[in-house]
Amino acid sequence: HLSSSLDTCCDHTPRINWTLVLWERLFHSRFQAPRSPKSTVTLDLAFRIWNPVKSLLIKIDLALHSRDLSERKEIRVLDIQMDFKFKYLQLLIFMLASAAFAIRKDVSFQETQICRTTVQGRYLITDYTGYVCDALSLDPQSHCCRVKKEQYSCHGCNLVSQCCNSYEYCVSCCLNPERIHIDQALTVKIAKPVTSGSYSSLFDYCAGRCRHNSESVVHENAYHSEFHHCFALPSNMSAGITDTQIEVRLIGINVIVGKQGESCDSVCKSSGQSCVPSKFVLINQCEIMQKYMKCRGSCLASIGSDQPAEVVEDAPTNLNPGACLYTRRPSLLSCDGSHQHTRRLCPCA
């Protein structure tokens, strides 16, 4: 309406009067409602542009009422020069006003979430929130799974042994805080050397633990089960582990009682198998030894590379004949240890 009114008007005086009235109504009617800080800044910019032009139009209006013909001619030329600038100002303010009016007050600028993901598999990917998806379903900006089916999925996992047949689902299942406590996971060392560091987050623990786990291999060169992606805490950290869980972790392992003075290397070799040193920690417990040995003289803590073992009946009295021995130093457990008065309990595969 403003444009049509100005274009159809032929006299300068009503043209300027209409301009002042309509612009005042525009600003005071359209922008009276509460505005966000960003829309207020935009509107203030529009007012700073409009106010100088408003003052100039008032001066032109006063001059047009003057009886001096020469002064009216000068104002006529000034008005023609202002015509183009005014049209440009009209378009500019409408653009600014529309932008300010369209800003929503309930939208804030939030930081984009960036997901860490696994890079192990060819087809599936697990993000650090515990969702599994294929590579095509990954958000290109956040790197998170856009298709969120099931969080902390344990598809293809044995929850007793805490091992899975898929790396990605192993990581997803491991990320569940109800299965793995983050405080314990952060104390696990990345490698065996004392100088090795610990995991910095639960995602790092799950991604690393599911990828390489000494308890899932036999003689360090073969898997003892198809569920070879395991996320369980190391055996020496699994406080309160049940007998059922231990038995499941020993699937594929033959626990054999050796002869007196025989090492586990010799015991396993006589059966056509090899000793699995990573399983010593599981059987170095009284409850397990009592299932395979008599342990008549109770179960005692000791120190030696031949343990876990049972002291033979004809051993000297000071060696506690008939007693089962377990060590409190797992680092001493080995396959080649032996003692002339004990029979070893050996994990073979």
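Write out, first by first residue and then by second, each pair whose Cβ atoms fall under 9 Å of each other, whose residues are 6+ apart or on separate chains, and whose first residue, in the range 271-298, is more than 14 Å from GLY258 (Cα to Cα) while the second is basic (Lys, Arg) and part of a helix (DSSP H, G or I).
Qualifying pairs under 9 Å: LYS279/ARG249; LEU282/ARG249.
For the range 137-180, give me each residue that is open to solvent by less than 60 Å² (accessible area, probe 1.4 Å) and of a type in the set (Asp, Glu).
ASP139, GLU168
Within the range 299-337, which residues are open to solvent by 60 Å² or more (accessible area, probe 1.4 Å) and of a type in the set (Ser, Thr, Tyr)?
THR317, SER331
Output the strands (runs of 3 or more DSSP E) that fall wholly within the range 243-349 and possess 1 or more residues being more than 23 Å from PHE231 (Cα to Cα) and of a type in the set (Ser, Thr, Tyr), or say none.
Answer list for the range 243-349: 299-302, 324-327, 342-348.
Within the range 265-298, take every residue that is among the charged types (D, E, K, R) and in contact with an Asp or Glu (Cβ under 9 Å, 6 or more places away or on another chain) and give me the one that is most open to solvent (accessible area, probe 1.4 Å).
Restricting to residues being among the charged types (D, E, K, R) and in contact with an Asp or Glu (Cβ under 9 Å, 6 or more places away or on another chain), the top hit is ARG296.
Scan the range 225-234 and give yes if some residue there is more than 22 Å from VAL276 (Cα to Cα), modelled with pLDDT under 80, open to solvent by 70 Å² or more (accessible area, probe 1.4 Å) and outside any helix (DSSP H, G or I), otherwise no.
no
Of all residues in the range 117-136, which are over 11 Å from LEU175 (Cβ atoms) and either of a type outside the set (A, V, I, L, M, F, W, C) or open to solvent by 90 Å² or more (accessible area, probe 1.4 Å) (or both)?
THR117, VAL119, GLN120, GLY121, ARG122, TYR123, ASP134, LEU136 - these are the residues of the range 117-136 that are over 11 Å from LEU175 (Cβ atoms) and either of a type outside the set (A, V, I, L, M, F, W, C) or open to solvent by 90 Å² or more (accessible area, probe 1.4 Å) (or both).
Among the residues of the range 158-168, count how many are farther than 12 Å from VAL248 by Cβ and either part of a strand (DSSP E or B) or without any contact (Cβ under 8 Å) to a residue 60 or more places away in the chain (or both).
Looking only at that region, the number is 2.
The values are calculated or read from the model by the stated rules, or taken from the named source; none is laboratory data. Everything numeric in this text was worked out from a predicted model, so none of it was measured. Cβ sites come from the backbone with ideal geometry, for glycine too, and all protein chains shown count toward neighbours. Note: areas computed on protein heavy atoms with side chains; ligands, DNA, RNA excluded. Shrake-Rupley method; radii C 1.70, N 1.55, O 1.52, S 1.80 Å.
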